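Working notes, beginning with the structure itself.
The values are calculated or read from the model by the stated rules, or taken from the named source; none is laboratory data. Please read all numbers here as calculations on a predicted model, not as lab measurements. Note: ideal-geometry Cβ built from the backbone for every residue, glycine included; neighbour counts use all protein chains shown.
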Amino acid sequence: MSEVAAPARAPTAASSADNILVAENISRRFGAFLAVNDVSLAVRRGSIHALIGPNGAGKTTCFNLLTKALPLSSGRISFNGKDISALRSADVARLGLVRSFQISATFPNLTLLENVRVALQATYGKAFHFWRSIAAVKDLNARAGELLDQVGLAGSRDLLASELSYGKKRALEIATTLALEPDLLLLDEPTAGMGHEDIEPITRLIRKVAEGRTVLLVEHNLSVVSTLCDRVTVLQHGQIIADGSYEAVSRDPLVRTAYMGEEDA
C-alpha cells in the first residue's frame with residue numbers, strides 16, 4: 001500500500017520553539033468566495049519548505065497572507081514567537097520576514113551594484129538619501145559587492161540590470177532580498193519562465209542562500225521541489241490536502257488526483 005502523507009494539523013505549543021513561522025487556522029474571503037480556508041502550517045527553522053498545488057489552489061493568496069500583503073479574514077500568524085497577525089508587510093519585513101516576487105523587481109537602468117545598494121539603504125537607515133551626493137552611500141558598496149559575490153554576480157557589478165539574462169535577473173533580485181537580512185526568505189515561483197539552462201543555477205543558489213536561514217517557496221517545478229525541499233505542503237481549493245516529505249506527498253492519492261491529474265486506482 002502506498003504511503004499517504006498525514007493530514008496537516010494545527011501546530012502545537014510544544015513544537016513552536018522549532019518553528020520560525022506558524023499559521024493557525026488562517027482564512028481569506030473575497031466576498032462570498034473563500035480563497036484560503038482554515039489553513040494551519042508550521043515552517044521549521046533552518047528548513048526549505050515548499051507550498052505547491054494546481055492552478056487556483058490558493059497558493060498565492062496564502063503566500064500573501066503569510067507575508068501580510070493581504071489582511072487575514074480569520075486566524076493567527078506568528079513569526080519567531082511574535083504574533084504578526086495585525087502587522088503590515090513593511091513591519092514584518094523589518095522583523096526579518098522578507099519576500100521576493102514572481103515577476104523580477106529590479107531597477108533596469110541602475111547597475112547591479114546600485115540595485116543592491118538601494119536595498120541596503122533601507123537596512124542601514126539611509127532610505128531617504130537618494131537626493132544626496134553618492135558619497136553619502138558609498139560606504140555601502142563593500143557590502144553590496146559581498147552580496148553580489150554571494151549570488152555569483154560579482155563580475156557583473158557595473159552592468160545595467162537590463163543587460164542581464166532572465167536567470168541572472170532573478171539572482172540579482174535574491175541579492176537585493178538578502179540585503180534586508182532576512183531570517184525567513186519567501187520566494188514566489190523563483191524558476192517561473194526560466195529555460196532549463198537557468199533552472200539548475202538558481203536551484204543551487206537557493207540552496208546556498210538557505211544556509212543559516214529558512215526558506216519558504218511557492219514553486220510549480222516539481223523537480224526543483226524534490227531536489228531542494230525538506231517539507232512540502234499541498235493546497236487544493238484553498239485547503240491543505242497533504243503535508244510532509246516530497247516522497248510522501250507525491251504518493252498521496254489526493255495529491256496525485258488534484259495536482260498531477262491522476263485518478264486513484
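Here is a check on your reading of the model: is residue 90 more than 28 Å from residue 167 (Cβ to Cβ), at pLDDT below 95 and either in contact with a Phe, Trp or Tyr (Cβ under 8 Å, 6 or more places away or on another chain) or buried (at least 21 other Cβ atoms within 10 Å of the Cβ) (or both)? Steps first, please.
On the way: more than 28 Å from residue 167 (Cβ to Cβ): yes; at pLDDT below 95: yes; either in contact with a Phe, Trp or Tyr (Cβ under 8 Å, 6 or more places away or on another chain) or buried (at least 21 other Cβ atoms within 10 Å of the Cβ) (or both): no.
No, not satisfied.
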Return the only residue of 162, 250, 245 being farther than 25 Å from residue 79 by Cβ, touching a strand residue (DSSP E or B) at 6+ places or on another chain (Cβ under 9 Å) and hydroxyl-bearing (Ser, Thr, Tyr). 250
Considering each residue of segment 61-112, count those that are hydrophobic (A, V, I, L, M, F, W, C), within 28 Å of residue 194 (Cβ to Cβ) and part of a loop (DSSP other than H, G, I, E, B), and give that number. 7
Given the options 180, 185, 205, 172, name the one that is of a type in the set (A, V, I, L, M, F, W, C), touching a helix residue (DSSP H, G or I) at 6+ places or on another chain (Cβ under 7 Å), at pLDDT below 90 and not assigned by TED's automatic domain parsing to the domain that holds residue 33. 180
Pairing a residue in segment 189-204 that is without any contact (Cβ under 8 Å) to a residue 40 or more places away in the chain with any residue that is among the hydrophobic types (A, V, I, L, M, F, W, C) and buried (at least 20 other Cβ atoms within 10 Å of the Cβ), where Cβ atoms lie under 6 Å and the two sit 6 or more apart in sequence or on different chains, gives 191/202; 191/224; 203/224
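Out of 172, 185, 147, report the one residue that is farther than 25 Å from residue 225 by Cβ and crowded, with 20+ Cβ neighbours inside 10 Å. Spell out how you get there, then give the answer.
Working: 172 fails: farther than 25 Å from residue 225 by Cβ; 185 fails: farther than 25 Å from residue 225 by Cβ.
Being farther than 25 Å from residue 225 by Cβ and crowded, with 20+ Cβ neighbours inside 10 Å holds for just one of 172, 185, 147, which is 147.
Kindly establish whether residue 227 is surrounded by 18 or more Cβ atoms within 10 Å (Cβ to Cβ) and among the hydroxyl-bearing types (Ser, Thr, Tyr). Break it down into steps so the answer makes sense when it comes.
On the way: surrounded by 18 or more Cβ atoms within 10 Å (Cβ to Cβ): no; among the hydroxyl-bearing types (Ser, Thr, Tyr): yes.
In short, no.
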